[in-house]
Amino acid sequence: MIIACLGDSITAGSPLWDPDPDVRKKIENPDERSQWLWWAMRMHGELDLRNHGVHGERTDQIAKRFAQAVDGAEALVVQGGINDVVQGRPVEQAAANLAGILHRARHAGLRVALVDVLPWNNGDSRAATDIGKLNELLRAIAEGQGVPLFPFSETLADPSRPARMRDTLTEDGDHPSVEGHRLLGERAFRPF
């Protein structure tokens with residue numbers, strides 16, 4: 001099954017990987033294991049996950065790449081929202097953008113899944129509140145549309161500090177480490 005994975009730097013594999021070869025040339029020691037997709041395909045060899053992650057994109061920008069990403073795909077995993085939070089944009093609009101992508105995908109006959117937003121170790125209390133609110137909205141969207149929600153947040157969250165990723169599971173406070181990506185691919189990703 002060909003699954004398009006459309007998202008931001010979390011999908012791309014930043015800072016140790018990028019699906020764009022020109023960007024990857026600028027990475028000192030690229031490591032393809034820095035993608036949750038890579039780990040998910042190792043667990044589920046029948047799947048072909050295509051990486052359409054772009055570092056720094058907000059949900060409105062991700063939505064503009066929909067048609068290109070889903071060309072030839074049978075399913076779509078949608079991930080995004082942290083860059084909306086980083087830029088202080090309304091989380092309700094980010095949720096609406098992601099819901100719109102899901103609606104377009106379902107209308108195109110694709111199976112779909114949604115990913116929640118990871119904790120952000122480098123963020124402040126406003127960001128943590130916004131991430132929590134956005135994740136609540138994403139849960140409601142997934143339930144309302146009857147689509148799976150992949151629990152990336154709880155998979156990497158520090159139990160003693162749920163608004164942060166465990167220190168060993170983040171590369172830089174913004175992105176998962178290779179071990180974090182492994183957990184996302186092996187535990188949080190669920191095939192359709």
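The values are calculated or read from the model by the stated rules, or taken from the named source; none is laboratory data. Bear in mind that the values here come from a model prediction, so they are computed numbers and not experimental data. We place every Cβ from the backbone using ideal geometry, glycine too, and count neighbours over all the protein chains shown. When the accessible area is computed, the model is the full protein with side chains, heavy atoms only, and any ligands, DNA or RNA have been set aside. Shrake-Rupley method; radii C 1.70, N 1.55, O 1.52, S 1.80 Å.
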Quiz item: Taking the condition within 26 Å of E32 (Cβ to Cβ), of a type outside the set (D, E), in a helix (DSSP H, G or I) and open to solvent by 50 Å² or more (accessible area, probe 1.4 Å), does R182 pass?
Solution: yes
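Yes/no per residue for (1) among the β-branched types (V, I, T); (2) loosely packed, with under 15 Cβ neighbours inside 10 Å:
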| site | (1), (2) |
| --- | --- |
| V23 | yes, no |
| N29 | no, yes |
| W36 | no, no |
| N51 | no, no |
| E57 | no, no |
| A75 | no, no |
| I82 | yes, no |
Quiz item: Residues of the stretch 133-142 being open to solvent by 30 Å² or more (accessible area, probe 1.4 Å) and small (G, A, S), which ones?
Solution: A140
Quiz item: Name the strands (runs of 3 or more DSSP E) wholly within the stretch 14-125 that hold at least 3 residues that are under 21 Å from G146 (Cβ atoms) and in contact (Cβ under 8 Å) with a residue 12 or more places away in the chain?
Solution: 75-78, 111-115
Quiz prompt | Which numbered condition E46 misses (of (1) over 12 Å from the mean Cα position of the chain (by Cα); (2) crowded, with 22+ Cβ neighbours inside 10 Å) | solution = (2)
Quiz item: Of the residues that make up the stretch 104-118, is at least one among the charged types (D, E, K, R), open to solvent by 70 Å² or more (accessible area, probe 1.4 Å), more than 15 Å from the chain's Cα centre (by Cα) and over 24 Å from A4 (Cβ atoms)?
Solution: no
Practice problem: Go through the stretch 143-170 and give me each residue that's touching a Pro at 6+ places or on another chain (Cβ under 7 Å) and crowded, with 19+ Cβ neighbours inside 10 Å. | Solution: S153, L156, R164, M165, L169, T170
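Kindly check whether there is at least one residue in the stretch 139-156 that is among the β-branched types (V, I, T), under 21 Å from D18 (Cα atoms) and either more than 13 Å from the chain's Cα centre (by Cα) or modelled with pLDDT of 95 or more (or both). Write out each step before concluding.
To start, the set of residues in the stretch 139-156 that are among the β-branched types (V, I, T) comprises 141, 147, 155.
Right, trim to under 21 Å from D18 (Cα atoms) and you get none.
No, the conditions are met nowhere in the stretch 139-156.
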Exercise. Out of A163, A142, A188, A157, report the one residue that is of a type in the set (G, A, S), touching a helix residue (DSSP H, G or I) at 6+ places or on another chain (Cβ under 7 Å) and more than 15 Å from W36 (Cβ to Cβ).
Key: A163
Quiz prompt | Tally of residues being under 14 Å from N121 (Cβ atoms) and among the β-branched types (V, I, T) across the stretch 143-169 | solution = 1
